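To start, the structure under review is shown below, and the notes come after it.
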Amino acid sequence: MAEVIAQPTMNGSAAAAVLLMLFDEDEAAQILSRLEPEEVRQLGYAMYDVADVQVGEVNMALDRFVSKAKGRTTIGYGAAQHIKGAMHKALGPDRADNMLAKITPPTRSNQLAMLKWMEPKEIAAIIEQEHPQIMAIVLAHLDSTIAGTVLQLLPSEVQDDVVYRVATLGPVSTEALDDLEQLLSASPAQSRGGGTTTQRGGATEAAAIMNNVRKDHEQRIIKALAKRDRAVAQSIEDEMFIFENLLQVADKDLGTLMRSVDNERLVVALKGASEMLRGKILACMSARAAQSIQDEMEERGPMRLAEVMEAQKVIIAEARRMAEAGTIMLGGKGDDYV
């Protein structure tokens, strides 16, 4: 009986790289233009790795593509042109164009989108002499990880002001975005578009940025924010560490925290926790205590979300208090040491 040789597996990046190399340059360029920067980087590395691909591996990549494609549609690829064509066929050119003018989302130039392709140092250099409001709009358009790095590269005396403006940004007018795009490019700004606005910023976005800055920067900025507007500072802090973040806390510290929490409040808080966090917390307790908590949770039945959220906030406040006292460590800042 002939020996069956197992075929080596090929990961997604390698398979995608093989497929991309089967296209000509123009076709490959169209595909790459639809990807995010990190995806392009990963795919670029993979293309070099599979430069000497064998025939069997090409077939493997094609089989994988066909298998995946069977469960996919073309929605999202060239959607605007597809919608326009369908409308024209259904309503006729004049009626369709009139309808599309009312329902098509406003489009902008690619200058803001280009931010994601730039290094944090480049972005900081462009905006460091601008008004803090411009800085805030730029940070609100970035991935929170990149925004945190850019924030730390800006002058320290404006950092808290920028975070405050991100937290209170609200809708950004088209005019403001046009001015920003003029800053990012020498090309003329596009049509003003009649005062359209877009929603950016807020305490959640500000907190996401703050979660990506060093601990010493974070403490200084929050302290300055509290002097300026205690409510805004508190709302950002509330968003920075939420109940699910307890997953990042070491078991020993989590056990210490749980011993200081009233069981009645913990039962309520756990009603809104993920299965993973619930299991982690119960595992930090004695078997008897954990079973008691589980039994009471089952007896309670459904509970109001507001009540659950309030119980979680109280526990998080206790966690912060214990962390500030040095009793436990909340973690989550990577390379910071004290």
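Read-outs: derived from the displayed coordinates by stated rules, not from any lab. Given the structure is predicted, the values throughout are model-derived calculations rather than measurements. Methodologically, a virtual Cβ is constructed for each residue, glycine included, from the backbone with ideal geometry; neighbour enumeration extends over all protein chains shown.
What does the highest-first list of 26-35, 115-124 look like by mean Cβ count within 10 Å? Write out the running numbers ahead of the final one.
Values: 26-35: 11.5, 115-124: 15.5.
In descending order of packing, they fall as 115-124, 26-35.
What spacing in nm lies between the two simple spin-label points modelled at Asp63 and Glu157, each 7 Å away from Cα in the Cβ direction? A separation of 6.6 nm, rounded to one decimal place. Rounded to the nearest whole Hz, the Karplus-based 3J(HN,Hα) values (6.51 cos²θ - 1.76 cosθ + 1.60, θ = phi - 60°) of segment 117-129 follow the sequence 8, 9, 6, x, 4, 5, 5, 4, 5, 5, 9, 4, 9, with x at glycine and proline. Take each peptide in 52-58, 237-243, count the other Cβ atoms within 10 Å of every residue, and average; sorted highest first, the result is 237-243, 52-58.
Stretched out straight at 0.36 nm per residue, the stretch from Val261 to Asp238 would grow longer than its current Cα-Cα span by 6.4 nm.
Site pair Ala325 and Met276 shows an inter-label distance of 3.0 nm when each label is modelled 7 Å from Cα along Cα→Cβ. For Val172, the residues whose modelled amide H falls within less than 5 Å of its own, excluding neighbours fewer than 5 places apart on the same chain, are Thr198, Gln199, Arg200.
Using the Cβ atoms and a cut-off under 15 Å, what net charge is assigned to the surroundings of Glu318, where Lys and Arg are +1 and Asp and Glu are -1? That works out to -2.
Extending 7 Å from Cα along the Cβ direction at Arg41 and again at Gln133 yields two label points whose distance is 3.4 nm.
Give me the extension gain from Asp295 to Leu19: residue separation times 0.36 nm, minus the current Cα-Cα distance, reported in nm with one decimal. If you can, show how the numbers build up before the last one.
On the way: separation 276, 0.36 × 276 = 99.36 nm, distance 5.42 nm.
The span from Asp295 to Leu19 would gain 93.9 nm if fully extended.
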